[in-house]
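Note sheet for the following structure.
The values are calculated or read from the model by the stated rules, or taken from the named source; none is laboratory data. Because the structure is a prediction, the values reported are computed rather than measured. Because the Cβ atoms are built from the backbone with ideal geometry, glycine has one as well, and the counts that use them run over all protein chains shown.
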Ligand code: HEM
């Protein structure tokens with residue numbers, strides 16, 4: 001019984017049937033992909049395992065072929081592994097066929113790595129980080145990524161040709177690695193990969209000038225102490241605030257319209273006032289009383305970078321598989337002719 | 001002189017070679033065979049100069065629109081044919097292969113040949129290698145398709161100018177193996193590039209799925225030749241079906257459906 005199972009698992013015929021089954025399922029099923037964008041359109045944004053369990057499982061009638069093909073591919077992987085093990089124990093002419101061995105080992109490693117990454121990996125597509133900020137990698141406790149600086153490179157006819165984010169990877173606030181992330185030049189560490197997606201600028205505050213025309217930038221979160229000892233806290237900055245007739249306020253857009261600061265003033269005598277300051281209209285009386293004399297001149301912008309931050313624990317193993325496979329293919333290109341001259345091939 | 005003129009001259013040479021091979025079917029003269037072969041060589045040289053010229057002007061391997069990929073496909077097919085003809089002297093098979101090549105050029109010549117600017121993510125040696133391996137693989141699969149058809153023709157009509165069934169079978173197996181090897185390299189380079197550019201090495205879009213299917217299909221064919229019942233006719237049929245899969249992956253998806261590999 002055990003022997004029959006083993007020889008079945010090592011059978012080349014079984015391999016061909018399994019591969020044909022997977023091919024036919026994927027062929028038929030894949031033609032559904034373009035007509036169901038909500039199901040299949042965002043598959044690359046999550047690991048395959050997450051997609052299978054969260055998106056595919058509730059829609060089995062449209063995704064059953066994926067499960068079938070995945071099962072057959074796993075079976076093909078097991079089949080290839082068994083063949084490989086069988087060869088290791090039984091084949092005499094090991095060196096003559098090392099190309100084929102490496103090629104098959106590469107397939108096994110890549111398939112295994114893909115399964116591992118699909119189950120244990122995570123993906124954060126389109127993560128926005130402002131220059132100077134750092135984000136916590138929520139799926140990777142203890143780790144954070146900081147964007148130190150950002151520089152777009154523009155071509156002669158306008159559109160950007162590169163976007164260079166200088167980032168630091170931190171673990172428990174200790175820098176581990178500093179690197180530039182650019183197009184086709186990601187940050188790679190273990191299975192972590194950071195690639196650029198896009199970039200932009202966002203309004204974060206205003207540039208003011210004082211009586212001597214010296215400019216000063218104020219952003220949400222800043223604090224100012226005036227000459228009369230009052231403390232002004234600029235709690236947050238809103239680029240476009242809408243004031244309704246009933247006095248209520250709402251956030252309109254991310255573009256600059258009616259910029260506003262929510263402020264809190266602590267006067268020298270300890271009294272406090274909290275409210276809104278919209279520099280394009282009037283300066284509120286409490287702000288005047290606090291000795292605020294700055295004049296708004298321009299909007300202050302901050303660059304941000306949009307990055308993809310993915311983690312695939314299987315990626316290094318897949319890379320090893322790719323190296324084995326490439327070496328195997330190159331060696332097999334020679335051994336193919338040698339085998340043919342010797343008429344050495346399995347006959348089934 | 002513009003580069004398109006070179007391509008037209010190359011097409012003329014290929015056309016002459018097809019005419020030569022056709023006449024040779026009737027006259028069976030060694031001289032005709034040699035002339036046809038010289039036409040293929042001349043066409044290939046002209047096409048190579050044209051490719052080199054366009055590459056030089058663009059500053060990158062120009063394969064980013066349908067014209068350029070059909071052009072490169074045709075160049076790869078001519079290169080593969082020359083490899084087989086120089087190695088095995090398979091003259092008469094040139095009729096079919098060169099006819100296929102002319103078909104590719106016919107579709108290419110009707111399209112816009114201007115050199116597009118390269119988007120930054122394609123400005124990497126990974127891109128050039130991915131494309132070179134991919135089209136050399138496709139060309140070998142096209143070669144196998146031609147050999148498969150000729151195998152069936154030879155089986156039914158026994159044409160004296162065509163190689164024997166045993167040679168056709170051997171050549172078919174060889175082009176499938178070589179095609180598979182190069183296509184594997186194409187997939188590996190593409191996967192590494194995707195990992196660097198997007199952060200994952202396999203993308204579940206329709207082009208990605210079908211490229212994987214092409215690879216899996218031909219991996220299966222690398223083994224099917226060991227099964228006695230599949231040898232010969234079965235294998236020839238599989239080569240024909242396989243090329244259908246290749247054509248759908250190359251053209252069908254680009255023309256009919258949306259993907260991140262438009263018209264490649
Ligand atoms: C996707 C998975 C696989 C790929 C890509 C693959 C690829 C290849 C390639 C390219 C060859 C060389 C063919 C030649 O020399 O003409 C080969 C040979 C072979 N493969 Fe596979 N293979 C796979 C799975 C398997 C499995 C599952 C088995 C066993 C059940 C297997 C058994 C063999 C055998 C016995 C040979 C012949 C080796 C020899 O020359 O003695 N392969 N394979």
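In table form, for the structure just shown:
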item: Lone unmet requirement of (1) surrounded by 12 or more Cβ atoms within 10 Å (Cβ to Cβ); (2) under 28 Å from the mean Cα position of the chain (by Cα) for residue A:190; result: (1)
item: Hits in the range A:1-25 (condition: more than 16 Å from the ligand (Cβ to nearest atom) and within 20 Å of residue B:220 (Cβ to Cβ)); result: none
item: Search result, residues across the range B:194-205 that are part of a helix (DSSP H, G or I), at the interface with another protein chain (Cβ under 7 Å from one of its Cβ atoms) and either closer than 23 Å to residue A:328 by Cβ or within 16 Å of the ligand (Cβ to nearest atom) (or both); result: B:195, B:196
item: Residue in the range B:229-237 that is within 14 Å of the ligand (Cβ to nearest atom), under 22 Å from the mean Cα position of the chain (by Cα) and modelled with pLDDT of 95 or more present; result: yes
item: Residue match in the range A:49-63 (condition: under 27 Å from residue A:312 (Cα atoms), away from chain B (no Cβ under 11 Å) and within 16 Å of the ligand (Cβ to nearest atom)); result: no
item: Matching residues, the range A:208-222, being under 22 Å from residue A:266 (Cβ atoms) and either over 35 Å from the mean Cα position of the chain (by Cα) or not assigned by TED's automatic domain parsing to the domain that holds residue A:277 (or both); result: A:208, A:210, A:216
item: Any hit, the range A:307-321, residues being more than 27 Å from residue A:182 (Cα to Cα) and not assigned by TED's automatic domain parsing to the domain that holds residue A:166; result: no
item: Strands (runs of 3 or more DSSP E) (entirely within the range A:138-198) containing at least 3 residues that are in contact with a helix residue (DSSP H, G or I) (Cβ under 9 Å, 6 or more places away or on another chain); result: A:160-171
item: Selection count where residues are more than 9 Å from chain B (Cβ to nearest Cβ), in a helix (DSSP H, G or I) and within 10 Å of the ligand (Cβ to nearest atom), scope the range A:339-348; result: 1
item: Matching option when the condition is within 30 Å of residue A:46 (Cβ to Cβ) and either at pLDDT below 90 or surrounded by 17 or more Cβ atoms within 10 Å (Cβ to Cβ) (or both), among A:198, A:250, A:305, A:230; result: A:305
item: Residue within the range A:120-128 that is in a helix (DSSP H, G or I) and within 13 Å of the ligand (Cβ to nearest atom) present; result: no
item: Condition broken by residue A:28, with the remaining ones in (1) loosely packed, with under 13 Cβ neighbours inside 10 Å; (2) within 16 Å of the ligand (Cβ to nearest atom); (3) under 31 Å from the mean Cα position of the chain (by Cα) satisfied; result: (2)
item: Sole exception among (1) in contact with a helix residue (DSSP H, G or I) (Cβ under 9 Å, 6 or more places away or on another chain); (2) more than 30 Å from residue A:167 (Cα to Cα); (3) within 14 Å of chain B (Cβ to nearest Cβ); (4) not in a loop (DSSP other than H, G, I, E, B) for residue A:263, by number; result: (3)
item: Matching residues in the range B:115-159 - criterion: being touching a residue at least 60 places away in the same chain (Cβ under 8 Å), touching a helix residue (DSSP H, G or I) at 6+ places or on another chain (Cβ under 6 Å) and surrounded by fewer than 22 Cβ atoms within 10 Å (Cβ to Cβ); result: B:115, B:121, B:126, B:129, B:152
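This table checks each residue for (1) at pLDDT 95 or above; (2) more than 7 Å from chain A (Cβ to nearest Cβ).
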position: B:172; (1), (2): yes, yes
position: B:182; (1), (2): yes, yes
position: B:187; (1), (2): yes, yes
position: B:192; (1), (2): yes, no
position: B:207; (1), (2): no, yes
position: B:214; (1), (2): yes, yes
